[in-house]
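This is the structure I have questions about; it appears just below.
Derivation of every value follows stated rules applied to the coordinates shown; laboratory data play no part. Every value quoted in this text rests on a predicted model; they were computed, and no experiment measured them. Cβ sites come from the backbone with ideal geometry, for glycine too, and all protein chains shown count toward neighbours.
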Amino acid sequence: MHSPKIKLIKKVLFVSILMLFVIYALREIVYKPYMWQKAMHTPEHRLQMGSFVFSKQDVSSSTQSGNYNYLIFKVIEINGDYVRLSPVRKLLEKKQPKTSDSSFTRETYRSLKLNINKLEVAGIHHEDLHKIKTNFTLNDYLLEKYPSLKKSQYYYEEVSPNEKNINIPSKYFKLVYSKEKIIEKRKLIPYRITDSETPELAKELSQKASFILN
């Protein structure tokens, strides 16, 4: 038989765990959405052209948990509910291993949340980035055309005019998200094109918008 003392300890432990769960649920369901909506009405954090959107995206599988991609986007177009995002990346030095991955380490992500407005983030045209097969590497051509890269190697890709032409849906709807879902739900939900060339929200690809900074 369990002694009264052991029963009391189990009861206290159960109540403590339950309270922690309630506090966590209130934080996620009530407090965070409230603070997000409040921030959306401030000049520093409202969604607008030129905003930086930070997203900690869960890429965990059924066998692994706690794996995240830390991404930063630049808002380069707002057209009604359509918001086009361009990933912020850092050009590689010549001897660095080649990669097209746009995710940052957790430490760099946290640092950029505090300092990105102090950095030069160049908008590089798609044609220039791929003109001489840069492979996302800093070179003399880019340095000459985009002098700000001498101060900071961070950049985002400007899209071609065709990709901003809504009359060509197959090209337009790339990295285009719902403005309403970002503001109201704190979610990055992309648009995709159906077989009938009709845009629809791909809700199963939804990811969290963690932070917006102007």
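Amide H of TYR68: which non-local residues (sequence gap of 5 or more, or other chain) have their own amide H closer than 5 Å, using H built in the peptide plane?
When sequence neighbours closer than 5 places are left aside, the close amide H contacts are VAL59.
Any lysines with Cα under 23 Å of the LYS118 Cα? List them, leaving off those in the same chain fewer than 8 positions away.
LYS56, LYS74, LYS90, LYS145, LYS150, LYS151
Which residue, LEU114, LEU138, LEU129, has the most motion in a Gaussian network model of the chain that connects Cα atoms within less than 10 Å?
Comparing LEU114, LEU138, LEU129 in a Gaussian network model of the chain, the most mobile one is LEU114.
For the chain, set up a Gaussian network in which alpha carbons nearer than 10 Å are linked by springs, and say which option among ALA39, ALA122, ALA25 fluctuates the most.
ALA25
Amide H to amide H under 5 Å from THR137: which residues, 5+ apart in sequence or cross-chain, H placed 1.01 Å off N in plane?
LEU92
Could you pull out the longest piece of the chain with no exposed loop GluC sites (Glu not before Pro) in it, calling a site exposed if DSSP puts it outside H, G, I, E, B and it has at most 14 other Cβ atoms within 10 Å?
121-196
Any idea how far the Cα center of the range 119-189 sits from the one of the range 1-61, in Å?
Cα centres, the range 119-189 to the range 1-61: 34 Å.
With a Cα-only, solvent-free Debye model of the range 52-213, what are the log10 I(q)/I(0) values at q = 0.14, 0.19 Å⁻¹?
Normalising to I(0) and taking log10 leaves -0.81, -1.33.
Using the basic label-point model (7 angstrom from Cα toward the beta carbon), what is the GLU144 to LYS5 distance in nanometres?
Here the answer is 8.3 nm between the modelled labels.
Using Cα atoms only, what is the angle between the long axis of helix 106-115 and the major principal axis of the chain, expressed in degrees (0 to 90) to the nearest 10?
That works out to roughly 70 degrees.
Fewest first, what order do ILE78, ILE124 take by the number of other Cβ atoms within 10 Å?
The most exposed by this proxy come first: ILE78, ILE124.
Each residue of the range 5-11 in order: what ³J(HN,Hα) in whole Hz does its phi give by Karplus 6.51 cos²θ - 1.76 cosθ + 1.60, θ = phi - 60°, with x for Gly and Pro?
Karplus-based 3J(HN,Hα) across the range 5-11 equals 5, 5, 4, 5, 4, 5, 5 Hz.
Name the residue, out of SER86, SER111, SER103, whose mean-square fluctuation peaks in a Gaussian network model built on the chain with Cα pairs under 10 Å.
Of SER86, SER111, SER103, the most mobile in the Gaussian network model is SER111.
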